[in-house]
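A short write-up of the structure that comes next.
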Amino acid sequence: MKLTPHAPLSALNTLGLDAHCLWLAEVAKLDDLCQLRANPELSALPRLVLGGGSNILFCNDFSGLVVLNRMKGIELQDDGSHWLLHVEAGEEWHQLVRHALQQGWHGLENLALIPGTVGAAPVQNIGAYGVELAHFCAYVEAFNWQSGEVERIAAADCRFGYRDSIFKHDYQDSHFITAVGLRLPKAWQPVAGYGPLAALGEQPSAQAIFDTVCATRMAKLPDPAVLGNAGSFFKNPVVTTAQADQLKQQFPHIPCYPAGEGQAKLAAGWLIDQCGLKGFAIGRAAVHQEQALVLVNLGGASAMELIALAAHVRDSVEHKFGVVLEHEVRFMGLTGETWLDEVLA
């Protein structure tokens, strides 16, 4: 384990925001976590787990311990009808998707090029183009900071929802995800009814889906290494079907998708675009020119500029459509997670 005091975090978050933490710990094995737990000085600090840093906005310095997950490894079992993957949480998500495709383990291809680590995937229940992690997750293994034991949490107990899970709530501070179990069916069926995938026909190959998703994401989403960003900044809002019907009458071209009984999901990027906000900037923070759902750091942006921009986007959409956007990116305050309204207060 590598321990660094007063460590800079600008290279560890894809927005490229300048921030520091009191301590930075890079963990590669379970014993590293046990050592952190046994250290009275470190165990008493506020704690933040980072993987790829692709879904976080540091509002200021973090007055605590940042734990970098660097646990690696992939194990495979065959139960006859499914491929069972046990993946260490520090593996890069997109590389796992690519590796699975190369091995003929299909199902994850819709989730290609989603940034971050495997350990971050269940926290947000990542999803794209009609597929969510929850569709293939068998279990999540997590280190319990209180007991010092690793627990295997069945997918049914993870409370997966739209960009949501128990790891954003009850287990946010108490558990450190060490591995994820995936169950991929051998009798694979493509999911190709969303966006550009619909043009691939009824039975596209997994490779065709992977290639199309990658091409689409690369065309629409800026490379964080070139232009700092955290991907989709806001969640696609879920509204009642009654509200969706009212919006359709006023805005006939509004994208709208079923989201369960009595609910509909709207496209946040479309709503932002209709407010004329592509390219809108506050200081060095801007709405991306090509994809309105992405807020970018043009270089040297401050946290407060990004926060002010996020507030302006949210307020503009609410004023025009009566729909309140919720940020998907995690806001991190001095000692823990916070929210846009709390930061603005």
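The values are calculated or read from the model by the stated rules, or taken from the named source; none is laboratory data. Bear in mind the structure is a predicted one, so any value in this text is a computation, not a measurement. Glycine gets a Cβ as well: all are built from the backbone with ideal geometry, and neighbour counts include every protein chain shown. All accessible areas refer to the heavy atoms of the entire protein, side chains included, with ligands and DNA or RNA removed. Shrake-Rupley method; radii C 1.70, N 1.55, O 1.52, S 1.80 Å.
Here is a yes/no grid of residues against (1) over 29 Å from residue 334 (Cβ atoms); (2) touching a residue at least 24 places away in the same chain (Cβ under 8 Å); (3) open to solvent by 10 Å² or more (accessible area, probe 1.4 Å); (4) among the hydrophobic types (A, V, I, L, M, F, W, C):
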residue: 9; (1), (2), (3), (4): no, yes, no, yes
residue: 21; (1), (2), (3), (4): no, yes, no, yes
residue: 24; (1), (2), (3), (4): no, yes, yes, yes
residue: 52; (1), (2), (3), (4): no, yes, yes, no
residue: 58; (1), (2), (3), (4): no, yes, no, yes
residue: 99; (1), (2), (3), (4): yes, yes, yes, no
residue: 102; (1), (2), (3), (4): yes, no, yes, no
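Being more than 20 Å from residue 195 (Cα to Cα), in contact (Cβ under 8 Å) with a residue 24 or more places away in the chain and touching a strand residue (DSSP E or B) at 6+ places or on another chain (Cβ under 6 Å) is the requirement here; does residue 247 meet it?
For residue 247, the condition - more than 20 Å from residue 195 (Cα to Cα), in contact (Cβ under 8 Å) with a residue 24 or more places away in the chain and touching a strand residue (DSSP E or B) at 6+ places or on another chain (Cβ under 6 Å) - is not met.
Which condition does residue 281 not pass, out of (1) touching a residue at least 40 places away in the same chain (Cβ under 8 Å); (2) closer than 27 Å to residue 15 by Cβ; (3) touching a helix residue (DSSP H, G or I) at 6+ places or on another chain (Cβ under 9 Å), if it passes all the others?
In the conditions (1) touching a residue at least 40 places away in the same chain (Cβ under 8 Å); (2) closer than 27 Å to residue 15 by Cβ; (3) touching a helix residue (DSSP H, G or I) at 6+ places or on another chain (Cβ under 9 Å), residue 281 misses (1) alone.
Tell me, which helices (runs of 4 or more DSSP H) lie completely within segment 185-300 with 2 or more residues that are among the polar types (S, T, N, Q)?
Ranges flagged: 206-220, 241-250.
Is there a residue in segment 88-95 that is modelled with pLDDT of 95 or more and in a strand (DSSP E or B)?
Yes, because at least one residue in segment 88-95 is modelled with pLDDT of 95 or more and in a strand (DSSP E or B).
In segment 116-144, what residues are within 13 Å of residue 49 (Cα to Cα), more than 16 Å from the chain's Cα centre (by Cα) and open to solvent by 20 Å² or more (accessible area, probe 1.4 Å)?
none
Any chance you could count how many residues in segment 137-170 are of a type in the set (Phe, Trp, Tyr), part of a loop (DSSP other than H, G, I, E, B) and touching a helix residue (DSSP H, G or I) at 6+ places or on another chain (Cβ under 9 Å)?
Residues of segment 137-170 of a type in the set (Phe, Trp, Tyr): 139, 143, 145, 160, 162, 167.
Now narrow it down to the ones that are part of a loop (DSSP other than H, G, I, E, B): 145, 160, 162.
Then keep just the ones that are touching a helix residue (DSSP H, G or I) at 6+ places or on another chain (Cβ under 9 Å); that gives 145, 160.
Within segment 137-170, residues that are of a type in the set (Phe, Trp, Tyr), part of a loop (DSSP other than H, G, I, E, B) and touching a helix residue (DSSP H, G or I) at 6+ places or on another chain (Cβ under 9 Å) number 2.
Can you tell me which condition residue 311 does not meet? The list is (1) touching a strand residue (DSSP E or B) at 6+ places or on another chain (Cβ under 7 Å); (2) within 27 Å of residue 123 (Cα to Cα); (3) at pLDDT 95 or above; (4) open to solvent by less than 40 Å² (accessible area, probe 1.4 Å), and all the others hold.
Failed condition: (1).
Condition first: under 21 Å from the mean Cα position of the chain (by Cα), under 30 Å from residue 138 (Cβ atoms) and buried (at least 18 other Cβ atoms within 10 Å of the Cβ). Can you find one or more residues in segment 70-80 that meet it?
Yes, there is a match, as at least one residue in segment 70-80 is under 21 Å from the mean Cα position of the chain (by Cα), under 30 Å from residue 138 (Cβ atoms) and buried (at least 18 other Cβ atoms within 10 Å of the Cβ).
Do you know which residues across segment 282-306 are aliphatic (A, V, I, L, M), farther than 18 Å from residue 340 by Cα and surrounded by fewer than 22 Cβ atoms within 10 Å (Cβ to Cβ)?
Taking segment 282-306 and keeping what is aliphatic (A, V, I, L, M), we get 282, 285-287, 292-296, 298, 301, 303-304, 306.
Right, trim to farther than 18 Å from residue 340 by Cα and you get 292, 298.
Result: 298, single match.
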